[in-house]
Amino acid sequence: MNTPTATAERPRTYSPAAHEPRLEVNGRPFDRSDEILTPEALEFLTELHARFASPRHERLADRQRKRYEIGNGRDPKFREDTRHIREDASWQVAPPAPGLEDRRVEITGPTDPKMTINAMNSGARVWLADQEDATSPTWKNVIGGQLSLFDAIRGQLEYTSPEGKQYRITAERTPTIVMRPRGWHLVEKHIRFTDAQGQQGAASGSLVDFGLYAFHNAKQLIANGHGPYFYIAKLESSEEAKLWDDIFSYTEERLGLEHGTIRATVLIETLPAAFEMEEILYVLRDHMAGLNAGRWDYIFSIIKNYRGRGARFVMPDRSEVTMTVPFMRAYTELLVKTCHKRGAHAIGGMSAFIPNRRDPEVTQLAEQKVRADKQREATDGFDGTWVAHPDLIPVAQAEFDAVLGDRPNQIDRQRDDVEVTAAQLLDVHIGRDITEAGVRDNVSIGVRYIESWLRGIGAAAIDNLMEDAATAEISRSQIWQWIHQDQRTADGTQITRAWVTEILADTVRGFERFEGDRYDDAAELFADVALGDTFPTFLTVPAYSRYLVDA
C-alpha cells in the first residue's frame, strides 16, 4: 500500500493511487493533532478499514434483522447451533495478562487531560479510559483524547486549568489502562473511507479509536509492563466478537506483537449478548480478559427491543429498576457463573450515585448506596467493580477486600448453584408504578445530559448521579415506550405526547440559562428521539450528525 502524505491546511487523502482504498481526513487540525494523525498511523487505519469495514456493515445488518425479529414476537434464546461450545467443558480463556490480575476497583471516565490525570492518580487498579459513552465525540475530543493517552502512557502529561491550577501525574502506582473505543454503530465523519470499488462513507468510530491507540501505544504499554487492553462496547453477538478477534490478530501481526498480547473485556450490555456470553468468551478466548455487567445500557437494550411488544414489557420509573430486581439478578448471576466457568474475570457495573464534597449528607447517602451495591457484587462472586469518582474507591475496595483478602480475584469460585433460564432473563415485570415525578425526572435528566453532551462533556453530574449516554438513553426510551404503550401514571394521568411536550417546555423554562448553553438544541433533540413516531436506535447517532460534525 502506498505511503500516505499529509498537509495541515486542507483535507488530506491517504493511499491516493487509483483503485486502492484510501482515507481522507476532513477534521480541522489543532495543536499537536498531527502527532496522532501521522501518515503511518493513517496508513494503518486505511488497512483496518480495507479489511474490516465490509464485515462491520454485515454485522450491523444482522443486528437490524435480529431487532426486527424481536419486535415481531421472536424472543432471543440460547442458540442451538452453538450448544457444543457451551457443553464443551475443556476450553478456557487465556490467563490474566500483566496488570489485569487484580481488578477489584476500576475507575471510569473520559480522556480529557484533567480527567486522565485524576484517573491516573486515583489509586484504582484499572482505569477505563472511555472514548465511548462518557465522551462527547467532538473531533477535538476524539483526537485530543488520543493525545492525553499518548502523553500519560509516556509519563509526560501535564495540564493547567483556565484558573491556573496545575495537574500532573504524581502517583507511584498508576492504574492499568483499558481503553474503550466507540461501538460498531458509531462513525467518524471527520474521516472518510473510500473502498477498492470506489464506495465512500464515514470511517468507523470503532476502528479509528482502536487503531490510533494501538498503533501509537501498544509497544510502549508493553515496555511499561502492561499491554494494549480494550473494553469492547455494545456487542450483540458472538459474530461481532469474532470480528474484533480478527482485528486483534491482524493488528498483532501487523505491529509485530505476540499473539494474545491484545486483551479485551467485553461489556454485556445488550439483551442479545446476554444469551451468547459463553460464545463471546470462546471466539475471543486468546484475547479475552473478562466480561462486564454494563447495567444501564442493558436496561436500555431491553426497552429498545421490547418497546412495541405490549404492556408486559413496560418498566416503571427508572429509579425502581435496580440491580436487585429479578431479571437483573438473573443477568448478573449468569455473567459471574459463565466467566468463572471459563477462567475469565467478572467485572461489576457502576452505581450512579456520586459524592458531593460540599454536601456531607449527599456524600453519606452516596457512600451507603455504593457500599451496599459493591457488597452485593463481591458476595455474588464478581472479581472487581466500577466507580465513577475517586472518593468512592476506598468504599468499593473495602467491600472487595473483605471478600478477596490477599487473593487477586475469585475466578476459582464456581457458581454451580446458579441456573438461569431464558424466561428469567426476559421477565421484566417489577410490580411498581410509573409516577409523574418519574416522567418529569426522565425529561429533565435527558435534556440536561444532552445539553452537556452538545457542549462536549460526555459525563455529567446531575442531581448527585453520574449520567452518561446510557442513562440518557433510558430516560428518553422510557418516555417513548410509555407514550406508545398507552401508559398512565399512578394517579391516573395518561402519558401522551402532548402532556410530555408541556412538561418539556416547563422544564426548559425552569433551567438557569448561561452564555453558550445548548438547552434549546437539547430540547429539540430530546423531542425528536423521545416524542417522535419513529424510534432512533441510539440518540447519539442523530445528535452527532446534526450538531458535532464540522461542516
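Every number in this text was worked out from the coordinates using simple rules, so none of it is lab data. Fair warning: this is a prediction, and the values are worked out from it, not measured in the lab. All Cβ positions, glycine included, derive from the backbone under ideal geometry; neighbour counts span all protein chains shown.
Hey, can you list the DSSP H helices of the chain whose Cα span along the axis is 20 Å or longer and whose average Kyte-Doolittle score is at least -0.5?
139-153, 205-223, 326-341, 436-454, 469-484
So if I restrict to the alpha-carbon atoms in region 359-410, what is the Rg, and what is Dmax, the biggest pairwise distance, in Å?
Every Cα atom of region 359-410 included, Rg and Dmax give 11.2, 36 Å.
Regarding region 305-408, what is the average projected area of its C-alpha convex hull, in nm²?
Over every viewing direction, the Cα hull of region 305-408 projects on average to 8.3 nm².
Amide H neighbours of residue 109 under 5 Å, counting only residues 5+ apart in sequence or on other chains, H built in-plane at 1.01 Å?
Here 128, 130 satisfy the definition.
For region 260-303, what is one quarter of the convex hull surface built on the Cα atoms, given in nm²?
2.8
Would you mind checking which residues have amide H under 5 Å from residue 191's amide H? H placed 1.01 Å from N; only 5 or more apart, or other chain.
Under 5 Å from the amide H of residue 191 lie the amide H atoms of 26, 203, each far enough along the sequence or on another chain.
Give me the extension gain from residue 486 to residue 165: residue separation times 0.36 nm, minus the current Cα-Cα distance, reported in nm with one decimal.
Gain on stretching residue 486 to residue 165: 110.3 nm.
All other residues with a Cβ under 11 Å from the Cβ of residue 143 taken together, and with Lys, Arg as +1 and Asp, Glu as -1, what is their net charge?
Charge balance near residue 143 sits at -2.
Rounded to the nearest 0.05, what FRET efficiency do residue 424 and residue 30 have when you use their Cβ-Cβ distance and R0 = 56 Å?
0.65
Just want the answer: with Cβ charges of +1 for Lys and Arg and -1 for Asp and Glu, which residue in 44, 262, 349 is farthest toward the dipole's positive end in the chain?
The Cα lying farthest towards the positive end belongs to 44.
Longest span of the chain, sites excluded, free of GluC sites (Glu not before Pro) in DSSP loop with at most 11 other C-beta atoms within 10 Å?
Between the exposed loop sites, the longest stretch runs 259-418.
So for the chain: antiparallel DSSP bridges make up what percent, rounded to the nearest 5?
Among the beta bridges of the chain, antiparallel pairing accounts for roughly 45 percent.
In a shell of Cβ-Cβ distance under 10 Å around residue 539, excluding residue 539 itself, what net charge do Lys and Arg (+1) and Asp and Glu (-1) give?
-1
Residue by residue through region 85-100, what is 3J(HN,Hα) from phi via Karplus (6.51 cos²θ - 1.76 cosθ + 1.60, θ = phi - 60°)? Round to whole Hz and write x for glycine and proline.
Residue by residue, region 85-100 yields 5, 5, 8, 7, 7, 7, 8, 9, 7, 4, x, x, 7, x, x, 10 Hz.
In Å, what Kirkwood hydrodynamic radius results for region 180-329 from the alpha-carbon pair distances?
Averaging 1/r across every pair of different Cα atoms and inverting gives 17.2 Å.
How are the Cα pair distances of region 505-551 distributed, in percent, across 5 Å bins from 0?
Pair shares across the bins are 5, 19, 25, 22, 18, 9, 2.
Would you report the distance distribution of C-alpha pairs in region 433-548 as whole percents per 5 angstrom bin, up to the bin with the largest distance?
2, 12, 25, 25, 20, 11, 4, 1, 0
Give the average over all directions of the projected area of the C-alpha convex hull of region 42-425, one decimal, in nm².
Averaged projected hull area, Cα only: 20.0 nm².
Under a Cβ-Cβ cut-off of 13 Å, what is the net charge of the residues other than residue 31 that fall near it, where Lys and Arg count +1 and Asp and Glu count -1?
Residues near residue 31 contribute 0 overall.
Within 10 Å, at most 15 other Cβ atoms, and a DSSP state outside H, G, I, E, B define an exposed site. Report the longest part of the chain free of exposed chymotrypsin sites (Phe, Trp or Tyr not before Pro).
92-510
How about region 463-551: which trypsin sites (Lys or Arg not before Pro) there are in a DSSP loop, with at most 15 other Cβ atoms within 10 Å of their Cβ?
513
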